[in-house]
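So the structure is just underneath, and the comments pick up after that.
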Number of protein chains: 2
Amino acid sequence: MSQKAKGTNAERQLIHKFWAQRWAAIRTAGSGSQKYPSPDILAGNNLRKLAIECKVTKDKSKYLPKNEIHALKEFSGLFGAEPWIAVKFNNKDWYFMSIEDLKETENSYLASEQIAKNKGLLFEEVIK
Amino acid sequence: MSQKAKGTNAERQLIHKFWAQRWAAIRTAGSGSQKYPSPDILAGNNLRKLAIECKVTKDKSKYLPKNEIHALKEFSGLFGAEPWIAVKFNNKDWYFMSIEDLKETENSYLASEQIAKNKGLLFEEVIK
């Protein structure tokens, strides 16, 4: 399976988890290839809306380009949603991190498994 | 251009209109082919969220299958969004109608140009 297909697959799994908890969730079309900022997933209930950038990696850390994070921030600010970065390291659980949790480097933001374990939230925690 | 491509094109135009007014808007991936209900477009600002089912037709009326309308209602209720049906008749302006505006028939809901003109809102009105 290609990396892209794996990513899409993982996003679909996350969508299932939201619906199972009676949150409505959708994947956005052509996220990344559109001229407007858009998260990978939008999930919501009557109280909260989550804009989520999803990453899957075999490594212990994932670098996110700054423009991706800026787009997530911009979208979330306009739409009225909480920006979250969800990372699945090496087929383990999804960890949800806020932008402030990530480590800023010169050209990117770093989401490491270490950061995820120290500061991230599990799915069950983020929807609470 | 296929009917499907025309529909996608029209949805993109609507997305542009939202962004031009500083609303964030996205098209959902695989709307219609997914197992969960999902609108064609989700648009939002800090105050409101709109779940929109889009239709383009050359005719003066458009029949929407009941399950589509029920799915729009279900999604909107869970996500916390206003359900809207946006119809573009014969390349004219988009008209936004609420579910209550449509005429219920045995198997579908009817959105006619007549209803649109009498009860529908134009884009500028719906975002007010």
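Each copy carries a label point for B:LEU110 at 7 Å from Cα toward Cβ; from one copy, the others' points are 6.5 nm away, ordered from shortest. Applying Stokes-Einstein at 4 °C and 1.567 mPa s to the Kirkwood radius of the protein assembly as shown, computed over alpha-carbon pairs, gives a translational diffusion coefficient of 68 µm² s⁻¹.
Between the beta carbons of B:LYS73 and A:THR105, assuming R0 = 51 Å, the FRET efficiency works out to 0.65 to the nearest 0.05. In this structure the amide hydrogen of A:ALA29, modeled in the peptide plane, comes within under 5 Å of the amide hydrogens of B:ARG27, B:THR28, B:ALA29, none closer than 5 places in sequence on its chain. Remark: label point of A:SER61 defined 7 Å out from Cα along the Cα-Cβ vector; separations to the same position in other copies 6.4 nm, ascending. Taking the label point 7 Å along Cα→Cβ, A:LYS92 and its counterparts in the other copies are spaced 6.0 nm apart, in ascending order. Sparsely packed loop sites in the stretch A:28-115 (the trypsin sites (Lys or Arg not before Pro) outside DSSP H, G, I, E and B with at most 11 other Cβ atoms within 10 Å) comprise A:LYS35, A:LYS58, A:LYS60, A:LYS92.
Nearest-to-axis residue in chain B, judged by Cβ distance to the rotation axis that brings B onto A and given in whole Å, is B:ALA29, 2. What FRET efficiency do you get for A:LYS60 and A:LYS35 if R0 is 45 Å and r is their Cβ-Cβ distance, rounded to the nearest 0.05? The value I calculate is 0.85. Within the stretch B:3-89, the proportion of Cα pairs with more than 23 Å between them is 18 percent. Placing a label point 7 Å from the Cα of A:LYS17 along the Cα-to-Cβ direction, the residues of the stretch A:50-76 whose backbone N falls under 12 Å of that point are A:54-56.
All of the numbers you see were taken from the coordinates with simple rules; none came from a lab. Just so it is clear, the model here is predicted, and its values are computed rather than measured. With ideal geometry, Cβ positions are generated from the backbone for all residues, glycine too; neighbour counts draw on all protein chains shown.
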